[in-house]
Amino acid sequence: MANLNLLQAINQALDIAMAANERVLCFGEDVGGFGGVFRATSHLQEKYGKARCFNTPLVEQGIIGFANGLAAQGSTPVAEIQFADYIFPAFDQIVNESAKFRYRSGNLFNVGGLTIRAPYGGGIAGGLYHSQSPEAYFAHTPGLKVVVPRNPHQAKGLLLAAIRDPNPVLFFEPKRLYRASTGEVPESDYQLPLGEAEVIKEGSDITLLAWGAQMEVTEQAAELAEKEGISCEIIDLRSILPWDVETVATSVLKTGRLVISHEAPLTGGFAGEIAATIQERCFLYLESPISRVTGLDTPFPLTLEKEYLPDRLKVFEAIKASMAY
């Protein structure tokens, strides 16, 4: 075991994947000698050469178009989008090409080896163009997998699983936690299952559901609730697409209450999809309406970032309101 931060865990996963399979390539803006804007790819070019870790032009549509072509020819590309906010020029390539390549060819061809890494979310005073959480846009697209880790151990295991999964995977990394989240991580090669949520704390009164950086906030809110005698069950969704309906529904059937939290705006956020599905599955067992604690329906603000983000106090208030309903 080694004590790593989230960035180091991602770097280690890339290193292991590249060592194990010579078809694994990583590329993006400044990922080569510079190691990426956050240094997630540090030393990989030194170790594996410029043919396997290299810089691209500043054109996201080109990065993903190139990655699609490589994957279609049997390579295993890991394409980095420097910030998740910059992924939108590549939106057409991802939702119309990556997601549909296998389907439209009748499985004659696929780009299943493709992984797209992108740092997402707020908390670094990045303002409107460096703080967004776009996971819900892609969750609307059959043919993709969407994964979000919460800590170094999860990041390494989920990224290795994503790179080796036979489907194109979008891997959103919570940039606020890159250096803030540390923990014990096995130095060995291991994978964690995609599409499975993790119950990280069992409880009996209310279910709290989140993913990525919002897990830390949710755990802090649960600590406040526990002091008032409220027993919280905490679930890390981990995979947005596909998402683990059974684990969440089983928990809500037990607790009768659900609070979902994410950084993205309320309207059209993925919490709405979860709430609708759980309402269908658990309607007669619900003791209160399903609650969503999210970002606001505004562009991500710079000076009002703390007011915008769903923090532990907002989640705690939602827990109390649900219990008192």
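The values are calculated or read from the model by the stated rules, or taken from the named source; none is laboratory data. Remember, it's a predicted structure, so these values are computed and weren't measured experimentally. Note: ideal-geometry Cβ built from the backbone for every residue, glycine included; neighbour counts use all protein chains shown. Remember, those area values only see protein heavy atoms, side chains included, never the ligands or the DNA or RNA. Shrake-Rupley method; radii C 1.70, N 1.55, O 1.52, S 1.80 Å.
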Exercise for the section: Those residues that are of a type outside the set (Val, Ile, Thr), touching an Asp or Glu at 6+ places or on another chain (Cβ under 6 Å) and more than 25 Å from Ile124 (Cβ to Cβ), I need them from segment 195-220; list them, please. Expected result: Glu196, Ala197, Glu198, Glu202, Gly203
Practice task
Answer yes if at least one residue in segment 56-68 is touching a residue at least 12 places away in the same chain (Cβ under 8 Å), open to solvent by less than 30 Å² (accessible area, probe 1.4 Å) and in a loop (DSSP other than H, G, I, E, B), and no otherwise.
Solution key: yes
Handout entry: Residue check, Ser204 assigned to a loop (DSSP other than H, G, I, E, B), in contact (Cβ under 8 Å) with a residue 24 or more places away in the chain and more than 19 Å from the chain's Cα centre (by Cα)
Key = yes
Exercise for the section: Mind counting the residues in segment 42-54 that are within 24 Å of the chain's Cα centre (by Cα) and either in a helix (DSSP H, G or I) or not hydrophobic (A, V, I, L, M, F, W, C) (or both)? Expected result: 2
Practice task
Taking Ser181 as the residue in question, decide whether it is small (Gly, Ala, Ser) and buried (at least 16 other Cβ atoms within 10 Å of the Cβ).
Solution key: yes
Exercise for the section: Only one of these is surrounded by fewer than 19 Cβ atoms within 10 Å (Cβ to Cβ) and either part of a strand (DSSP E or B) or not acidic (Asp, Glu) (or both): Ala9, Ala90, Ala19. Name it. Expected result: Ala19
Exercise for the section: Would you check if there is a residue in segment 257-265 being modelled with pLDDT of 95 or more, open to solvent by 70 Å² or more (accessible area, probe 1.4 Å) and outside any strand (DSSP E or B)? Expected result: no
Fill in the blank from the handout: Among residues of segment 291-313 being of a type outside the set (Ser, Thr, Tyr) and free of Cβ contacts under 8 Å to residues at least 40 places away in the same chain, the residue least open to solvent (accessible area, probe 1.4 Å) is Val293
Practice task
Could you grab me the full set of residues in segment 165-184 that are of a type in the set (A, V, I, L, M) and farther than 16 Å from Asn5 by Cα?
Solution key: Val169, Leu170
Completion exercise
Here the residues within segment 100-120 that are assigned to a loop (DSSP other than H, G, I, E, B), open to solvent by 10 Å² or more (accessible area, probe 1.4 Å) and touching a Pro at 6+ places or on another chain (Cβ under 9 Å) are Lys100, Asn110, Gly113
Practice task
Check Arg176 against each of (1) part of a helix (DSSP H, G or I); (2) in contact with a helix residue (DSSP H, G or I) (Cβ under 8 Å, 6 or more places away or on another chain) and name the one condition it does not meet.
Solution key: (2)
Practice task
Please find, within segment 125-153, the residue that is nearest to Thr298 (Cα to Cα) out of those that are open to solvent by 10 Å² or more (accessible area, probe 1.4 Å) and in a helix (DSSP H, G or I).
Solution key: Leu128
Handout entry: Pair list, Cβ under 8 Å, 6 or more apart: segment 184-195 residue closer than 12 Å to Pro152 by Cβ and aliphatic (A, V, I, L, M), other residue in a strand (DSSP E or B) and open to solvent by 50 Å² or more (accessible area, probe 1.4 Å)
Key = Val185/Asn3
Practice task
Give the residues of segment 234-255 that are open to solvent by 10 Å² or more (accessible area, probe 1.4 Å) and either outside any helix (DSSP H, G or I) or of a type in the set (A, V, I, L, M) (or both), sorted by residue number.
Solution key: Arg238, Leu241, Pro242, Trp243, Asp244, Val245, Leu253
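Name every residue in segment 103-125 that is touching a residue at least 60 places away in the same chain (Cβ under 8 Å) and either small (Gly, Ala, Ser) or more than 19 Å from Arg39 (Cα to Cα) (or both), in order of residue number.
Matches in segment 103-125: Gly113, Gly121, Gly122, Gly123, Ala125.
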Problem - Subset of segment 69-87 that is more than 18 Å from the chain's Cα centre (by Cα) and part of a helix (DSSP H, G or I) - its residue that is surrounded by the fewest Cβ atoms within 10 Å (Cβ to Cβ) - result: Gly69
Exercise for the section: Could you check, for segment 28-41, whether at least one of its residues is part of a strand (DSSP E or B) and either surrounded by 18 or more Cβ atoms within 10 Å (Cβ to Cβ) or out of contact with any helix residue (DSSP H, G or I) (no Cβ under 6 Å at 6 or more places or on another chain) (or both)? Expected result: yes
Completion exercise
Ala221: passes all of (1) surrounded by fewer than 20 Cβ atoms within 10 Å (Cβ to Cβ); (2) in contact (Cβ under 8 Å) with a residue 40 or more places away in the chain; (3) of a type outside the set (Val, Ile, Thr) but (1)
